[in-house]
Structures are given as C-alpha cells and as structure tokens.
There are 2 protein chains.
Amino acid sequence: MDKNNKVSIPVIRRLPRYLRYVNMLESEGVKKVSSRELAELLGTTASQVRQDFNLLGGLGRQGIGYPIDELKRELEQRIYAETPLDCILIGAGSLGSAIARYLKNVAKGYNLIGIFDNSEEKVGAKLEEYTCLNIDTLSEFCINHNPVVAVLCVPTSAAEQMVPELIKCGIKNFWNFSHYNFAKLNDDVKVENVHIRESLEALSYRIKHEIN
Amino acid sequence: MDKNNKVSIPVIRRLPRYLRYVNMLESEGVKKVSSRELAELLGTTASQVRQDFNLLGGLGRQGIGYPIDELKRELEQRIYAETPLDCILIGAGSLGSAIARYLKNVAKGYNLIGIFDNSEEKVGAKLEEYTCLNIDTLSEFCINHNPVVAVLCVPTSAAEQMVPELIKCGIKNFWNFSHYNFAKLNDDVKVENVHIRESLEALSYRIKHEIN
C-alpha cells in the first residue's frame, strides 16, 4: 500500500529515473538489481534508494536485491494511472507537433484527445489522426470531453492568456514547455515544467567555463 | 572575475532560472529585484541567491537590490560563449526537426551547422536551410567543421551506437534527448539531459496520487 502522504516531490522525481534504469537493465538481460547498483546509476546512496522504496510501501525486498521484472511492474503501477489521462495540446507549432507525435506514439499513460491553435494556417490542418481545432472552441470542447491535462507548447505570452482560461475550463494539470511561471497560482494546480532552454544554457555555461 | 572552480552543478543549473525570471521581470517593466524576491520566484532562500551571486564573482550589489538590466547582462555574459558554439543534430525525426528549428530560430549561443540521419527518406531532405546529411559522412564532416556540441534526438539504441563514434570525432559535449545513460563515460564529457518522459511520468504519479 502506498503511503502517499509521505511521498515528497524529490522522491516522485526519482521514480521515473528508477524506472528508466530498470528498463535499461531489463534490456541488458539483467534479472536482479541491488539498492547499491541502482544508487550508483542515479548518483545517489543505497540508503536513499531503500528509503524511497520503503516510502512507496515496500517496493521490492531489501537484502536479497530487487527482481527487475517485479520492480518494473511495481514502479509502473505506481506511476501510471489505471486508465490513460485524457490530455489536450495547446500550440501546434514545430515543438507542439513533435510533442503530439510523442504523446500519440511513445508516451505511456496519456491519451491525446485534441490539439488547439489560434493561427489560421494551423486550424483545420491534420496532425497524425487529429484535426487542429480553433482555440475559440476550447471551452465547448472541455465541457464535452473533460480533458484532465493540458500540454502547453506556446510562447510565454500566449500561456499567460491561456492558463487562466484552461483552469476556468476545469483543467488542473499542466505539462508546460513554455516559460510561463505558475508559481503564483493556487496549490490545486499541478505543473511539470520542461525548460529546454535552461538545460541548453547550463551546457553553454559548462562548456564556456570548462566545468564537468 | 568568475571563481569558476567553486561553481557546482546545482549552482550552474540555477543560473538559467535566474535569467528566466530576470527576463520575466524585465518584460513586466521591473527595474530592480532583491535577493528575497528572486528567492521567492525560484523557491529558494535569499541567502542562497546571495551566495550564488557571490560565487559568480560579485554579481550585482547586495543590500540595495540588483538592477535588472545589469543582472541580465552579467548572467548572459557568464552563460553564453563569446562566439556561438557550433553544433550538429543527430536524428531528424519529429523531435529532431522541432529541436533544429528551436536551435536555428530561438536558442542563443549555439550555431547549428549540420543535421544527420540514417534513414533514406530523411537524408537529402530539406529542414529549414539545412539539407539532412547521411550519418555515414559524419566523421568527414567533423574533420572539416569541428562541431563542439552534438544534439541527440535518436532512440536510446541508436545513441548507444553513435556516442562512441561522436566522441571519436572529437565531440565532448552533448545535449541528450535520448535515454542513453552517459554515466559510465569518462569525466571529459559534458552532458545535459532532457528527459521528457520523466517529467510526464512525475506528472502522472502526482495526478494518480493527488500530490500537489
């Protein structure tokens, strides 16, 4: 049983990383992994790994190593919703198109149900099996389809306009590729940011100043 | 003067975030910002902000608040190389295409000089002003053009094959969108990972378990 009230955001952020390494080990034919080995892969300590797994309610078994297949199943079960989460994508530019394809063809646990844009050239165009919808039809769409997650692939200024509207439409979960700052919003809203630019800038700094 | 030997990776990762908020404040017409205000935006403490700026060699002036324009200039000067870094992109799929457009049209401090793929349908195709090159011509290209950074927009298995080859071609800096794990490589290599899937999984977990 999950003891969810004790699971903090840093622990939650480590879960997908555990899953990533578990998948990697599985593809290498590995059958078992110790907390020490996982810790090494993640750059953390074995006691941290054991503590995380403990918090999740006895994930695997300490002492004898964790069977890879069991660990994978347990992690997936904790991470993914039982039925895929309906999501809409706002912004059908080049990043938005790539993310739409990713959601459709690669991502687990999500179900893309609509793509919106405000530009004349995008609205009505086909992207995968979707026809890009006019952003003006958003609230009607939300009443009919109840999307759970909005994916923001728009510039910051557009996100600033869109977010309050999306929240008004009942959406409380955001996957945010814009630089819009959700910090000021109420606690009811969940946001995961992907700040592409920031990793590029960190790399630039490290190259410039020769920091490994 | 930078005291670079003391600048750790966590500090480096905060720099682009400082810059992001400084840009945001500038666009709102703000002229000055205190370490307390910056700390609030970043979700850290004022003393952390002051310590970071100190490490960077007296960024801004403590006590009277930091002038936004000066802070922006100083941050940009530390983050971006003096001449844009030549980079190549490996993988011209939908994510690769989006990232190529981003590098060409949005990103600062980088200069995309070549796009490579191994699929017949991609090689020779136009993407922005680039003609997608055959991956077989990579080493020759690198001898002639000396790219500094490789951007990996390929599946993990392809990255596994490509990375040693890229390193052999003299490339030591990677912007990695694949799930390839660089952990085992030598210290000479700089990697910034963008793990899109992990943020999506963290969001899924938070929605499933109602954790804000």
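Just want the answer: with Cβ charges of +1 for Lys and Arg and -1 for Asp and Glu, which residue in B:68, B:131, B:89 is farthest toward the dipole's positive end in chain B?
B:68
Please give the calculated 222 nm ellipticity per residue for the protein assembly as shown, where each DSSP H segment of at least 4 residues contributes -39500 (n - 2.57) and the sum is spread over every residue; nearest 500 deg cm²/dmol?
-14000 deg cm²/dmol
Compute the angle between helix B:46-55 and the longest alpha-carbon principal axis of chain B, please, reported from 0 to 90 degrees and rounded to the nearest 10.
Between helix and principal axis, roughly 60 degrees.
If I take the rotation axis that carries chain B onto chain A, which residue of chain B has the nearest beta-carbon, and at how many angstrom?
Per the B/A rotation axis, the closest residue of B reads B:98, 2.
Label-to-label distances across copies for residue A:128, with labels 7 Å out along Cα→Cβ, in nm, shortest first?
Here residue A:128 shows inter-copy label distances of 2.5 nm.
Within the range A:18-127, list the GluC sites (Glu not before Pro) lying in a DSSP loop whose Cβ has at most 13 other Cβ atoms in a 10 Å radius.
A:28, A:82, A:120, A:121
Size of the dipole of the range B:150-212 about the Cα centre, Lys and Arg at +1 and Asp and Glu at -1 on the beta carbon, nothing else charged, in debye to 20?
Approximately 20 debye in magnitude.
What order do you get for A:85, A:200, A:42 when you list them from fewest to most C-beta neighbours inside 10 Å?
A:42, A:85, A:200
Compute the acute angle (0 to 90°) between the alpha-carbon long axis of helix A:68-79 and the principal axis of greatest extent of the alpha-carbon atoms of chain A; round to the nearest 10°.
The angle comes out near 40 degrees.
Shortest first and in nm to one decimal, what separations exist between residue B:157 and its copies in the other chains, measuring from label points 7 Å along the Cα-to-beta-carbon line?
Relative to the other copies, residue B:157 has label-point distances of 4.5 nm.
Shielding by partners for B:86-99, please: the mean number of other protein chain Cβ atoms within 10 Å of each residue's Cβ.
Values: counts 0, 2, 0, 0, 0, 0, 0, 3, 10, 8, 1, 4, 11, 5.
Going residue by residue through B:86-99 and averaging, the value is 3.
Given the options A:41, B:19, B:110, identify the residue whose Cα lies farthest towards the positive end of the charge dipole of the protein assembly as shown (+1 on Cβ of Lys, Arg; -1 on Cβ of Asp, Glu).
Going by the Cα projections, it comes out as A:41.
Take peptide A:9-15, look around each residue's Cβ out to 10 angstrom, count Cβ atoms belonging to other protein chains, and average those counts.
Mean partner-chain Cβ count within 10 Å for A:9-15: 4.
Provide an ascending nm list, one decimal, of label-point separations from residue B:36 to the equivalent residue in each further copy; define each label point as 7 Å from Cα along Cα→Cβ.
4.9
Each reported figure results from applying straightforward, stated rules to the coordinates on display, with no laboratory input. Owing to the predicted nature of the structure, the values given are computational and were not obtained by experimental measurement. Cβ: placed from backbone, ideal geometry, glycine included. Neighbour counts: every protein chain shown.
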